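Following: one structure in C-alpha cells, then a few remarks.
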Amino acid sequence: MPKKKKSDAARKTATGGQKQIFDRLLNFESEMVPNDLHSGGDINGQRIHELLGELDVDSLKDTEDGSGEYIIGVLTERGIRTYHWGYDRDIRNREEALSWFKKAQEKGYPAAIKRMEEIAKAEEAKNEHESELERLRKKADGGDAEAAAEYGFTIWNEKIKDRYQPAAVYLDTALEYLTKAGEAGVIPAQMHLGKYYEREWKPKVWSESQPREYKPENYGKAKYWYEKSAAAGNAEVIERLNAIRIEHDGPAIFETIFFGGYKWLLLDKQEDKALILLAEIQEMRAFHTRFGSAKWETCTLRKYLNNKFYQSFTADEQARILETKIDNPPNLEQARILALEMKTGNPPDLIQKAPGEDDTLDNVFLLSLDEIDKYFNYSGSYYTETGWHRFSKVYDNARAANEIWWLRSPGGYDRSVAVIDSDGSVDASGDYLRYVSGVRPAMWIKL
C-alpha cells in the first residue's frame, strides 16, 4: 500500500513532530543569535523560515480536530508567519488569526475554544475602557484639568506606544489635552511636555559622525514647559531646564569690571548698584583662626574683610562700597546629616536643629549657599524646604577658581563651613573652619 502523503496525514490532526516545531517557533527567541541588521538578522530569518518549511503550514489548513487551524492562528497572532528582520506584526494578522481560531473553535478544539473566550473577554474589557475614556474626554472638554491630564496620558501611553496603531494619528490629540492640563497648572503634564519638546528639539543621533539636526522652534516650547514646572520647585525639572539653557546658550559668562585694582565678576545689577564677586581668589585664609565653633557673625575672616581688606581701598572707592544687610539663613544640609545620624530620616523635622544666624551689616562679605544657587545655579547634595537638590554640574566651570574657596554658610557639621571645591562643585557639608582655603570677597557698589 502506498504511503500517505505528509499533507494527508496531517488532515486528521497535527502530528507530534509538527507540534514540537510549533513549540520551537513560539519560543524562537531562545534560539536566536544576537540580532542586528548586519549580522544576526538574516541568520535568524533563515532559521525561522526553515522551521516553517518543516512545519508544512499548508497541510494544517484543514485538520479534522481543528488543531492545525489553531496552530496557524497562534503563529499568525504572534506575527511569526510574516517574520522578516524580526517579528513584524500588524492589525491584519489579528484579523486573520481570529478567523483561524474561529475555524478551530467550530471543530471543537479545546485550546481554540479557550482562546476565543479570552478574546471575547478582552474585547468586552476594551469596550468598557473605551467608554470610560470617552467619559473622561467629556470631563476634560468641560474644563477639568486633571481629567485632561489623565486623558492625554492615557492616549499617549496606550495609543502612541501601541505597535498596531500609527502614532501620528493620536499624537496631536495627546498633546492637545496635555497642553490644556499644563496650562491649568498640572505639573506632571508640564514635565511631560517639556521632555517631549526637548527630545524634538535635539533628536537622537545614532553615531558620533552623524550631525545632530536641532529643531529650534521646539527649544522655546521645552523651555516654556520646564519653566512652568520649575516654578513649583521640582529639582529634576530645574536640572533639565539648566541643562538645555547651557546647551542652547552656552555656559554662563559674567560681565567683568575693574574696581580698586581688582577684576570682578558682575553678578547682579539693580538700578544704581551692582553685586560684584572677585574674579579670582584674592588670598588663602582660614575661616576662623580661634578654637571652637564660629558663625559668619563672629568669624575672624569677616573681621579681616571688613577691616584690613576694606581699608585697602581708597576713600573714593570706599564711598562707593555699600554697607549691606546680609541675610544668614540656615544650611539645611545640617538637618539632613542630623536626620541620618539620628536615623529619623525626616530632615524637615530637624530644621530647628540647624538654626540660621542673625543678620549682619557688612561692607564686604562672602557669598552664601542661597546666593550661589541664585547666581550660578546649584550642584551638590543640598536639602531645601522645597525638597532635595539633584546633582547638576552645568555651572561648575563658572564657579571654579583652581582652589577651594569659602562661602559664609555653615557646613553640615559642627565647626564646618560650606565651600566651593576646586572643580567648581558645591560642597554644602563643608570644610573644617580652621583649614586654609581661598577667599573671594563680594560687595555691593554704587554704579
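Numbers below:
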quantity: Residues of the range 401-420 satisfying the condition of being over 20 Å from Asp358 (Cα atoms), modelled with pLDDT under 85 and in contact with a strand residue (DSSP E or B) (Cβ under 8 Å, 6 or more places away or on another chain); calculated: Ala401
quantity: Helices (runs of 4 or more DSSP H) contained in the range 212-321 and holding at least 2 residues closer than 13 Å to Glu198 by Cβ; calculated: 216-230, 235-249
quantity: Residue in the range 347-360 that is modelled with pLDDT of 75 or more, assigned by TED's automatic domain parsing to the domain that holds Ala294 and buried (at least 18 other Cβ atoms within 10 Å of the Cβ) present; calculated: yes
quantity: Flag if Ala339 is small (Gly, Ala, Ser), in contact with a Ser or Thr (Cβ under 9 Å, 6 or more places away or on another chain), modelled with pLDDT under 85 and in the same structural domain as Phe309 (by TED's automatic domain parsing); calculated: no
quantity: Total residues in the range 196-254, condition over 27 Å from Gly152 (Cβ atoms) and modelled with pLDDT of 75 or more; calculated: 1
quantity: Answer from Lys159, Lys103, Lys180 - the residue that is surrounded by 16 or more Cβ atoms within 10 Å (Cβ to Cβ), modelled with pLDDT of 95 or more and not aromatic (Phe, Trp, Tyr); calculated: Lys180
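The values are calculated or read from the model by the stated rules, or taken from the named source; none is laboratory data. Worth saying up front: this structure is predicted, and the values here are computed from it rather than measured. Note that each Cβ is placed from the backbone with ideal geometry, even for glycine, and that neighbours are counted across all protein chains shown.
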